[in-house]
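Below you'll find the structure, written out as structure tokens, and then a few comments.
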């Protein structure tokens with residue numbers, strides 16, 4: 001009977017220590033949470049369009065998230081996915097200057113080597129060019145943004 005009591009106390013202490021180690025290391029894991037705030041499209045020709053997504057990204061970890069790559073995919077109304085080409089911030093500013101009806105760029109563009117500091121939240125602009133007409137891009141079923149860290153951690157954000 002006494003052996004059982006000491007065994008249970010030992011197991012309880014081991015579980016308590018494992019919980020303390022787990023909770024103390026939670027902030028050192030690279031991870032993001034993100035949500036798509038708004039999406040707008042802009043026709044650049046009859047067969048291509050620009051998609052501009054405004055995304056709120058939160059980094060709950062204590063370590064920074066350094067961006068390696070951003071991929072934007074649209075799920076077409078037929079069900080197939082098409083990946084857009086990334087658009088540089090300077091090119092986006094020129095396009096929006098040329099098409100003032102598209103509105104301004106509201107936030108900094110998320111690009112390679114962007115740093116998302118630990119314990120922070122910020123809004124980012126993620127533009128992509130698609131070989132689809134604006135009408136087809138507006139009729140999309142969904143939107144998926146994949147953000148990859150230099151260490152290989154990938155975060156997927158879905159939106160409409």
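The values are calculated or read from the model by the stated rules, or taken from the named source; none is laboratory data. Computed from a prediction, not measured in an experiment: that's the story for all the values here. Cβ: placed from backbone, ideal geometry, glycine included. Neighbour counts: every protein chain shown.
Observations on the model:
- Checked against (1) outside any strand (DSSP E or B); (2) closer than 23 Å to residue 149 by Cβ, residue 7 passes all but a single condition, namely (2).
- Test: residue in segment 26-33 that is touching a strand residue (DSSP E or B) at 6+ places or on another chain (Cβ under 8 Å) and either surrounded by fewer than 10 Cβ atoms within 10 Å (Cβ to Cβ) or more than 24 Å from residue 152 (Cβ to Cβ) (or both): no
- Per-region count, segment 93-151, residues crowded, with 17+ Cβ neighbours inside 10 Å and at pLDDT below 90: 1
- Search result, residues across segment 60-88 that are touching a residue at least 24 places away in the same chain (Cβ under 8 Å) and either in a loop (DSSP other than H, G, I, E, B) or at positive phi (or both): 60, 61, 62, 63, 64, 76, 77, 79, 84, 87
- Residues that are under 14 Å from residue 75 (Cα atoms) and in contact (Cβ under 8 Å) with a residue 60 or more places away in the chain, drawn from segment 135-156: 136, 137, 138, 139, 140, 141, 142, 143, 144, 145, 146
- Scanning segment 44-59 for residues that are in a strand (DSSP E or B) and over 21 Å from residue 160 (Cβ atoms) returns a single hit, 59.
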